[in-house]
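Some notes on the structure that comes next.
The values are calculated or read from the model by the stated rules, or taken from the named source; none is laboratory data. Because the structure is predicted, anything quoted here is derived from the model rather than measured. Reconstructed Cβ throughout: ideal geometry from the backbone, glycine too, with neighbour counts over all protein chains shown.
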C-alpha cells in the first residue's frame, strides 16, 4: 500500500510548516490542523494513510485524540498509521499506553524531516 495522504496535527507553527513543506516536497498530500478539536474532526471525516499526532495540543490533547480514535472497542481509523510526535517527557506508563495504540513514537528534538519521511516510508511495509 502506497502512503499518499497525511494529516499533521501540530500546534507549533515552525514545526508544522517544516513538516508540511518537507512532506509535500516528498510527494505527499498533507492536511495540517493546529488544534486538537480540528485534528480529531479531520481524522474522523477523511481517510488518511498516516496521522502525525503531537501530544501537547490546544483544546484536546493528542493522548485523548488517540484514545478517541483507537482506544475503544472499535478502531475508528483501521487503515491509518499513527505517529506520535512529542517533546513532552512521558512517564513510562503513559508512553507505553500511547505506543500500544500508535505505529511509531518519536521525540521531535531527535527527528529531522528526512528521518520522519524515512519512518513514514517504512510504515507502508508494515
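Things worth noting here:
- The set of residues from the stretch 14-46 being more than 16 Å from residue 120 (Cβ to Cβ), out of contact with any helix residue (DSSP H, G or I) (no Cβ under 7 Å at 6 or more places or on another chain) and not in a helix (DSSP H, G or I) comprises 35, 46.
- Any hit, the stretch 80-91, residues being surrounded by 13 or more Cβ atoms within 10 Å (Cβ to Cβ) and part of a helix (DSSP H, G or I): no
- When the stretch 51-64 is filtered for residues that are under 15 Å from residue 32 (Cβ atoms) and either within 9 Å of the chain's Cα centre (by Cα) or surrounded by 16 or more Cβ atoms within 10 Å (Cβ to Cβ) (or both), the ones remaining, listed by number, are 51, 52, 53, 54, 57, 62.
- For the stretch 16-33, residues that are surrounded by fewer than 18 Cβ atoms within 10 Å (Cβ to Cβ) and either over 18 Å from residue 108 (Cα atoms) or under 14 Å from the mean Cα position of the chain (by Cα) (or both) total 6.
- Hey, residue 70 exposed (fewer than 15 other Cβ atoms within 10 Å of the Cβ), touching a helix residue (DSSP H, G or I) at 6+ places or on another chain (Cβ under 8 Å) and either in a helix (DSSP H, G or I) or at pLDDT 90 or above (or both) or not: no
- In the stretch 1-13, residue modelled with the lowest pLDDT [restricted to those that are more than 17 Å from residue 58 (Cα to Cα) and in a loop (DSSP other than H, G, I, E, B)]: 1
Conditions tested, residue by residue: (1) at pLDDT 90 or above; (2) within 27 Å of residue 4 (Cβ to Cβ).
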{"site": "49", "(1), (2)": "yes, yes"}
{"site": "52", "(1), (2)": "yes, yes"}
{"site": "61", "(1), (2)": "yes, no"}
{"site": "65", "(1), (2)": "yes, yes"}
{"site": "83", "(1), (2)": "yes, yes"}
{"site": "86", "(1), (2)": "no, yes"}
{"site": "93", "(1), (2)": "no, no"}
{"site": "98", "(1), (2)": "no, yes"}
{"site": "112", "(1), (2)": "yes, yes"}
